[in-house]
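None of the figures in this text is laboratory data; all of them are computed from the coordinates on show. For clarity, every value in this text was computed on a predicted model and none was experimentally measured. Cβ sites come from the backbone with ideal geometry, for glycine too, and all protein chains shown count toward neighbours.
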Amino acid sequence: MPSILTDSAQTPLPRCHELRLKAIVYRGRLEVVDYPAVPASEDLLVKPLYVYVGDVENAIIKGTLPLVKPVILGSVGVVKVIEVLEGWTEYTGKTYSVTPIGSIGILGVHLNGLLTSYVSIPRSYIDEELPQPTPLDSIKPLAKHAGEIATISEEPVLVEGCGILGILVGLLLRRAGIEPVYYCEERAGRASALGFNVHSNVGSLGTKWRTIILTSTSTSSKYALLWGLEYSHVVISPLSFTNWVPLPLSKVESFKLSVVTRAEHYNAEHVRSVLKDVARNIKVISVDDVEKALGLLPTRGLGTVIALKG
């Protein structure tokens, strides 16, 4: 059991706190870990308050996103800072949103995530201070990330994937006056319900695009689009886990490739607006024990915000 409580070299963490750790872990199957101490290896020791679970967690559970080691799930949410390891005392006692994209990789995939009573995370995953947090704030980092993607996209735009990130990108593009087209191998109804033009067959798409945006974890979907269509700009979210881009050699020098990480140039007003648009399709469920979150996975629709009250 303690193996998930060590760093990538499997060496003991430098500090432990006498706070009981209970967490949802995936190691080929979902399990609940109950451990009498909380390791503190990174900048901040935090208590998760709201955790959004959706496409990333579903991909892990389905086996389409393999993990190299057991991790605590939960890539995005809201936390309260309990303690800092050294310096950074201005964070102590405050509440922040947490972004999934940081210095080590994706939270809940490359390092322990937020479906736990307490967890230690690097400062690079801290997003925005929230004096009065709400459940919807847990997906705000995703909307800001989508906003950054939207700002660098030029029409005609093809969005690959109908998950929460793809939907947020489309809604933000729409507010910027661009109406995207979607290619979705599954769950196409999500985008269709919002009035978007959605295709599940590459043959029904136009062949020429200015921007293709990769948002899903499907390898076959990326292959179908990048091999068969013409385009001048491919935008990749790290949340699509695109480790390779399948291109004919003739296209290698004929397009621009952008990987979007930090969100700095999004339209804040548009982000607030689209959060309200998707709120009705996201369940908020309170649990008084982390263990009870196990029954909420995998999620349906656009995902679930789990409020950890215990």
- Taking one equal scatterer on every alpha-carbon of the range 254-298, how large is log10 of I(q)/I(0) by Debye at q = 0.18, 0.26, 0.29 1/Å? -0.84, -0.93, -1.02
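So what's the back-of-envelope 222 nm ellipticity for the chain, counting only DSSP H runs of four-plus at -39500 (n - 2.57) apiece and dividing by all residues, rounded to 500? Please report the intermediate quantities before stating the final value.
Values: 6 runs with 58 residues, N = 310.
Counting only the DSSP helices, I get -5500 deg cm²/dmol.
Quick check on the chain: of the DSSP beta bridges with both residues there, what percent are antiparallel, nearest 5%?
Numbers: 34 of 60 bridges.
If I count the DSSP bridges inside the chain, around 55 percent turn out antiparallel.
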- Exposed trypsin sites (Lys or Arg not before Pro) absent - longest run of the chain, DSSP non-H/G/I/E/B, at most 15 other C-beta within 10 Å: 95-261
- Query: Using alpha carbons only, how many degrees (0 to 90, rounded to 10) separate the axis of helix 268-279 from the longest principal axis of the chain?
  - Reply: 80 degrees
- Item | Net charge of neighbours whose Cβ lies under 13 Å from the Cβ of THR299, counting Lys and Arg as +1 and Asp and Glu as -1 | +3
- Query: If you compute P(r) over Cα pairs in 10 Å bins from 0, in percent for the structure shown, which of (1) 5, 18, 32, 27, 12, 5, 1, 0; (2) 5, 25, 32, 25, 11, 2, 0; (3) 6, 28, 34, 21, 9, 1 do you land on?
  - Reply: (3)
- Taking only Cα atoms, what is the 0 to 90° angle, nearest 10, from helix 219-228's long axis to the longest principal axis of the chain? 20 degrees
- The base-10 log of I(q)/I(0) that the Debye equation returns for the range 229-303 at q = 0.17, 0.18, 0.24 Å⁻¹, one scatterer per C-alpha, is -0.95, -0.99, -1.12
- Max mean-square fluctuation residue, GNM over the chain, Cα-Cα springs under 10 Å, options LEU296, LEU239, LEU214: LEU296
- Task: Fewest Cβ neighbours within 10 Å first, please rank CYS162, CYS184 accordingly.
- Result: CYS184, CYS162
- Crossing angle, helix 140-151 versus the chain [Cα axis fit, 0-90 degrees, rounded to tens]: 30 degrees
